Amino acid sequence: MAAAVALLGVLAPSPSSSAQADDYVSHHEFQVNCGVSHTAPDDPIVYPGQPGRSHNHTFLGATTTNANTTTESLLASSTTCLVPADHSAYWFPTLYNGDQQVLPNFKQVIYYKSGILDYKKVVPFPQGLRFVTGNMMATQDEFRTAPGAVEGFECGNISKSWDIPSYCDPGSQMNIRYQAPSCWDGEHLTPQDAEAHHAGSKNMAYPVNGVCPDGFPIAVPMIEFKMAFPLSGDMSRAHFASGRGFSWHYDFFNAWEPATLDALVKHCINGGLQCDPRGFDQYKPDRGQVLDANYQLIG
């Protein structure tokens with residue numbers, strides 16, 4: 001969270017004696033917690049309709065994600081996320097230690113935040129939007145300087161490592177934090193649609209100085225993966241299915257039930273709150289929450 005605070009601390013002045021505590025905004029986010037569903041050598045964004053074509057991926061969220069996944073199939077799918085209305089698919093290259101898969105063993109944290117300064121302008125993802133974050137072909141320096149990099153790899157006392165550490169204190173876990181682009185072109189739901197419209201185009205871009213750049217006017221939630229892997233000690237044989245640590249990337253395919261996503265975005269992101277998966281800010285309990293004890297939309 002420290003990186004988020006540093007990035008977003010410019011959004012509001014520090015509280016003063018004349019300011020109400022509820023007026024102070026240091027965060028505008030909510031958490032999504034999703035467990036691992038399955039692994040497969042499929043990628044319905046990069047290689048749609050081509051089962052087995054990609055390197056192995058670890059899938060979270062929708063339990064049916066495969067090479068032939070569509071928005072409709074996701075909406076009909078069960079989910080490993082705490083919120084049953086989140087049928088979205090989240091995936092990343094599978095981590096290996098030697099030839100053994102290393103999978104996150106509890107529900108992982110995915111933050112939905114504002115990537116722009118004017119957080120009240122963030123709107124929900126359009127249904128079916130999909131994109132890839134990061135570049136598996138990146139060099140270590142490109143990974144280090146990428147606009148989506150937050151803390152890189154962390155474990156024990158190690159932080160801001162731009163490759164998988166060769167050793168982590170026994171009993172610690174390796175974490176990776178990385179932010180996604182959050183400005184949509186307003187037209188294309190897939191990278192392929194944007195490419196077909198104009199060679200070299202993408203459907204998503206990162207904000208520049210806290211503002212969405214020309215050609216990408218729609219601010220959507222900025223997703224930040226924080227994945228934790230149960231791996232420590234000697235990690236000299238650890239690698240992703242895509243290669244070295246700096247090949248890290250991940251994919252997102254939106255299939256939220258719109259009413260629930262809309263309520264969380266408005267209450268937490270536009271409302272300047274630091275919400276848990278139920279849309280509740282423990283520091284501002286008087287503001288209420290979005291979801292009930294079963295993670296269903298209230299009202």
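The values are calculated or read from the model by the stated rules, or taken from the named source; none is laboratory data. None of the values given here were measured: they were computed from a predicted structure. For neighbour counting, all protein chains shown are included, and Cβ atoms are generated from backbone atoms with ideal geometry for every residue, glycine included. Just so you know, the surface numbers come from the protein's heavy atoms only, side chains and all, with ligands and any DNA or RNA stripped out. Shrake-Rupley method; radii C 1.70, N 1.55, O 1.52, S 1.80 Å.
Couple of notes before you dig in:
- Highest mean packing first, where packing is the average number of other Cβ atoms within 10 Å per residue, the peptides 227-235, 180-188, 291-299 line up as 180-188, 227-235, 291-299.
- For region 27-54 versus region 221-299, the gap between their alpha-carbon centres in whole angstrom: 14 Å
- Semi-axis lengths, Å, region 29-287, gyration tensor of Cα atoms, sqrt of 5 times eigenvalues: 27, 22, 19
- Accessible area (Å², per residue) of region 29-287, counting only protein heavy atoms and a probe of 1.4 Å: 40 Å²
- Measuring nothing but protein heavy atoms, the accessible surface of the chain at 1.4 Å probe radius is 51 percent carbon and sulfur.
- Cα-Cα P(r), region 94-171, percent of pairs per 10 Å interval: 12, 33, 38, 15, 2
- In this structure, the amide hydrogen of residue 38, modeled 1.01 Å from its nitrogen in the peptide plane, lies closer than 5 angstrom to those of 59, counting only residues at least 5 positions away or on a different chain.
- Ordering 160-167, 263-270, 279-286 by mean Cβ neighbour count within 10 Å, with the highest value first, yields 263-270, 160-167, 279-286.
- Between the listed residues 89, 68, 175, the Cα displaced farthest toward the positive end of the dipole of region 29-287, a dipole computed from Cβ unit charges relative to the Cα centre, is found at 175.
- Kirkwood-Stokes translational diffusion coefficient of region 117-224, alpha-carbon pairs, 20 °C, 1.002 mPa s, µm²/s: 138 µm²/s
- Other residues whose C-beta falls under 14 angstrom from the C-beta of residue 87 contribute a net charge of -2, scoring Lys and Arg +1 and Asp and Glu -1.
- Looking at region 202-299, the pairs of alpha carbons with a distance over 24 Å make up 47% of the total.
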